[in-house]
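One structure is given below, encoded as structure tokens.
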């Protein structure tokens, strides 16, 4: 089981009230929410290996060099205007606490300099021999779904209690493509939340139709250059006008599958690696029942084969 950790603690931050605080009044809603997610995931799915994949670089320069607008809107927000109250950042201070708790629990935490968590997940998935469950709220990782290799994405619909088990069949039903074609669809469609403009006039349904007709992005681009293809003049023009974007978009959209990774132990611990540190963290940050649920889930006997 591979966790898109930032995606999950971000959801936890907005799903758990900020009234959840440490004894000295600091919000710990993201920390406790993530622990609740992990407890539920371990309890319900009983993985034998669990890796918390981290963003060593959430906006890698090599992606920005190709598409400068990549994740631009996620950079520091504009300062508050006169008369407006600036909203304090109460999520970032919780991230080091999350890292310390995961380390004390003995849950593998893996990042790679110059790469996003998505790339770590892509690399670990490529290396895996057995079934892989990817837990993320980011649709970009649907590109890794592969029924033949038993790779599925568990996509939170509501909290972590209701997960969409995303396989090739579901992708074909919802998007008209399977996992192998999802990155091409995403490149054509674009994604405003990631600063990817896409090709003018091509939304999700049109992208799926074109992929069905021409096989892949390369086939679609070849059809745009072929005056005898069935593309409408307007669609042909839009694809040709978008050539510069389409030259680089696949590299930006596709997750890396070969990023360098540090040594790590993916085995799910049955008990905490550092109980004393964990106890100190629990007291300092008021982790309470959230931590207790994780420890109870880790202590469960292995699932039957």
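The values are calculated or read from the model by the stated rules, or taken from the named source; none is laboratory data. Quick caveat, the model's predicted, so the values are computed rather than measured. So basically every Cβ, Gly included, is an ideal-geometry build from the backbone, and we count neighbours across all protein chains shown.
Yes/no matrix, rows are residues, columns are (1) in contact with a strand residue (DSSP E or B) (Cβ under 9 Å, 6 or more places away or on another chain); (2) on the phi > 0 side of the Ramachandran plot; (3) touching a residue at least 24 places away in the same chain (Cβ under 8 Å):
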{"position": "176", "(1), (2), (3)": "no, yes, yes"}
{"position": "179", "(1), (2), (3)": "yes, no, yes"}
{"position": "185", "(1), (2), (3)": "no, no, yes"}
{"position": "195", "(1), (2), (3)": "no, yes, yes"}
{"position": "213", "(1), (2), (3)": "no, no, no"}
{"position": "229", "(1), (2), (3)": "no, no, no"}
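There is at least one residue in region 211-218 that is exposed (fewer than 13 other Cβ atoms within 10 Å of the Cβ) and modelled with pLDDT of 95 or more. Considering every residue within region 152-162, establish whether at least one is more than 17 Å from the chain's Cα centre (by Cα), modelled with pLDDT of 95 or more and closer than 22 Å to residue 261 by Cβ. No, region 152-162 contains no residue that is more than 17 Å from the chain's Cα centre (by Cα), modelled with pLDDT of 95 or more and closer than 22 Å to residue 261 by Cβ.
From the list 113, 156, the lone residue that is part of a strand (DSSP E or B) and either touching a residue at least 40 places away in the same chain (Cβ under 8 Å) or touching a helix residue (DSSP H, G or I) at 6+ places or on another chain (Cβ under 8 Å) (or both) is 156. Answer yes or no: is there a residue in region 236-250 that is outside the structural domain of residue 114 (by TED's automatic domain parsing), over 33 Å from the mean Cα position of the chain (by Cα) and exposed (fewer than 14 other Cβ atoms within 10 Å of the Cβ). The answer is no, given that none of the residues of region 236-250 is outside the structural domain of residue 114 (by TED's automatic domain parsing), over 33 Å from the mean Cα position of the chain (by Cα) and exposed (fewer than 14 other Cβ atoms within 10 Å of the Cβ). Scanning region 129-142 for residues that are farther than 21 Å from residue 11 by Cα and at pLDDT 95 or above, we see that the one that is nearest to the chain's Cα centre (by Cα) is 132. From the list 271, 279, the lone residue that is at pLDDT 95 or above, out of contact with any helix residue (DSSP H, G or I) (no Cβ under 8 Å at 6 or more places or on another chain) and assigned by TED's automatic domain parsing to the domain that holds residue 108 is 279. When residue 299 is tested against the conditions (1) surrounded by 16 or more Cβ atoms within 10 Å (Cβ to Cβ); (2) over 25 Å from residue 113 (Cβ atoms), the lone failure is (1).
Search region 1-19 for residues being in contact (Cβ under 8 Å) with a residue 24 or more places away in the chain and more than 26 Å from residue 269 (Cα to Cα), and hand back the single one that is surrounded by the fewest Cβ atoms within 10 Å (Cβ to Cβ). Don't jump to the end; show me each part of the working.
Narrowing region 1-19 to residues in contact (Cβ under 8 Å) with a residue 24 or more places away in the chain: 1-13, 15, 18.
Now drop any that are not more than 26 Å from residue 269 (Cα to Cα), which leaves 15, 18.
Numbers: 15: 16, 18: 13.
Among them, the one singled out is 18.
Against the list (1) in the same structural domain as residue 122 (by TED's automatic domain parsing); (2) in contact with a helix residue (DSSP H, G or I) (Cβ under 8 Å, 6 or more places away or on another chain), the condition residue 284 fails is (2).
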